[in-house]
Each structure stands twice: as structure tokens, then as C-alpha cells.
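The block underneath contains the structure these notes are about, expressed in C-alpha cells.
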Amino acid sequence: MQSHMRRAAAAGRTTERVGPFLATYSAESTNPFLNYAVPDDGARPTASDVDALTAAYRRRDLLPRLEFLADTAPEAESALLAAGYVAERRVPLMLCRPGSAVRKPAPEGIELVVPSSDVDFAGLVNAQHEAFDVPDPASELDVAQSREWLAKGGFSVLARDIATGEPVGGGVAEAIVDGTTEVAGIGVRGRFRRRGVGAAITAWLTAAVHDQGARTVFLTPAGADEQRLYASVGYQAADDMVHLSLPG
């Protein structure tokens, strides 16, 4: 899973080797979730390694930040904390193995479709933006990148109101590599929540990647509510994902 995450972080980004870290940088955004480093498995960074990583992000006016599975590099986490990095969050990584998924139909009046038109892709992005409190509307670049996601083997699903065609929510899964993929970006607009839409989106994506041969399907919940939702679809906690950054 960590190897898959490392490949995914590098895809479409500039990368740099800094000691035992793979640093990744987005050319299009300063969003911290698109600019972060991942330590090598079993990394044992020195204080100088950590200082060099910090400097690499500071030079680019980016927040020094890392995302990784805690058990893959415990000594790296210790070295980073000793250098002043703080844990933004520590969340369980959850797995759903083939045969463990629970089917969850969309609630009445809602349909789940693979986006195909510009309107569909914009609706998916706008629903996710509202769900995650992103103020910007979907741009032409967002639509193009969403199309490219599918073209490169990724998965996307849009939930919409059958009667009006109004976007309700959506989610994505990465292209399957070596039998592994991550389900992510599952969001539902505020007024459509607590109707089972999020569970239906998660179940749809999980079934889609399993049907295409994925053996290791994982996701990371944002909080306890999301963890309960994913558990209802068949996901179980397997490891901790840690996000570290250096404030100031």
C-alpha cells in the first residue's frame, strides 16, 4: 500500500530525492494535500536529512509536509517530531478485501453514473468542492483533469437527482496498479447527507475496482463518522496513516 501511495503521489508532479525522502511538488497548486513528501520504507533520517527536506519546501514557499503509513517508517516519524514537525492527524487506513464488500443501493430518487459530459464532470467537481468546503467552482482545468483521470484508468462516479439532474455527490478511485488502488474524494453536498448517498458511492466504487481485479482496496476516513460509514460497506482498519507538517 505504501508503495502504491508513493507512486500515486509522484504521478503528475515534480519529484525530488532528498535523503531518504521522496518529495513531490504540484506545478499547479500550493495546496498542502498536493505537495508532500513520503519517506522510504524503514527510513532512518538524520537531523541533516530533515533540515534538507524542510529547506526544499521552504524554497518553493510550500508548507513542509509528509504523508505515510506510520508502521513503514517509525524512525522517520520520530526524527521529524524531534525537529519540530507536528501531527496534523492520525487516521486509520481501512481495507476492503474481495468478498468483504457490502452492496449499498443508491437511495430512492438518486442515480449513480459514470460522468461523460463536461456538465457531468463539472457537477462532480462542484459537488466535491461543496462537500469539502472548497469555495472555487469547477474550472475548465478541473473538467479536463477529471476526463484525463478516467482516460488513464481511474474510476469516477457522480451521484445525481434523477428528477432534476442536480449533482448530489461523487467520488473516485485510482487506476489499479499491481492489484492495488485507493478510493478517495467521496463527498456529498450538505442538504443530501444522511440519506445513504455516501455509502452508495463508496460501495459503487469498491465494487467497480474489485470487478476490475483489484485485490487491495483502501481508503482513509476523515473522522469517526466516515469510519463508521466505510465500515458499513465492508472496510476494516489495518494501519495508521500519519500526516506531519512543520508550522511557522
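The values are calculated or read from the model by the stated rules, or taken from the named source; none is laboratory data. All of these numbers come straight from a predicted model, not from anything done at the bench. Glycine also receives a Cβ, built like all others from the backbone with ideal geometry; neighbour counts cover every protein chain displayed. In case anyone asks, the SASA skips ligands and DNA or RNA and just uses the protein heavy atoms, side chains included. Shrake-Rupley method; radii C 1.70, N 1.55, O 1.52, S 1.80 Å.
Things to note:
- In the stretch 217-231, residue modelled with the lowest pLDDT [restricted to those that are open to solvent by less than 50 Å² (accessible area, probe 1.4 Å) and of a type outside the set (Phe, Trp, Tyr)]: 223
- The residues listed here are 58, 44, 7; of these, the one that is out of contact with any Lys or Arg (no Cβ under 8 Å at 6 or more places or on another chain), at pLDDT below 95 and not aromatic (Phe, Trp, Tyr) is 7.
- Residues satisfying the stated conditions in the stretch 150-165, i.e. more than 18 Å from the chain's Cα centre (by Cα) and surrounded by 11 or more Cβ atoms within 10 Å (Cβ to Cβ): 159, 160, 161, 162, 165
- Every pair of residues 6+ apart whose Cβ atoms lie under 7 Å, when the first sits in the stretch 178-193 and is farther than 15 Å from residue 112 by Cα and in a loop (DSSP other than H, G, I, E, B) while the second is among the basic types (Lys, Arg) and open to solvent by 30 Å² or more (accessible area, probe 1.4 Å): 179/215
- The stretch 232-248, residues that are open to solvent by less than 60 Å² (accessible area, probe 1.4 Å) and either more than 18 Å from the chain's Cα centre (by Cα) or without any contact (Cβ under 8 Å) to a residue 40 or more places away in the chain (or both): 232, 234, 246
- Within the stretch 84-115, the set of residues being part of a loop (DSSP other than H, G, I, E, B) and touching an Asp or Glu at 6+ places or on another chain (Cβ under 7 Å) comprises 109 only.
Table: residues versus (1) among the aliphatic types (A, V, I, L, M); (2) within 15 Å of residue 166 (Cα to Cα); (3) modelled with pLDDT of 95 or more; (4) surrounded by fewer than 17 Cβ atoms within 10 Å (Cβ to Cβ).
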position: 78; (1), (2), (3), (4): no, no, yes, yes
position: 88; (1), (2), (3), (4): no, no, no, yes
position: 96; (1), (2), (3), (4): no, no, yes, no
position: 115; (1), (2), (3), (4): no, yes, yes, no
position: 120; (1), (2), (3), (4): no, yes, yes, no
position: 126; (1), (2), (3), (4): no, yes, yes, no
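- Checklist (1) surrounded by fewer than 18 Cβ atoms within 10 Å (Cβ to Cβ); (2) at pLDDT below 95 applied to residue 147, failing item: (2)
- Strands (runs of 3 or more DSSP E) contained entirely in the stretch 1-80, each with at least 3 residues that are more than 15 Å from the chain's Cα centre (by Cα): 14-18, 21-25
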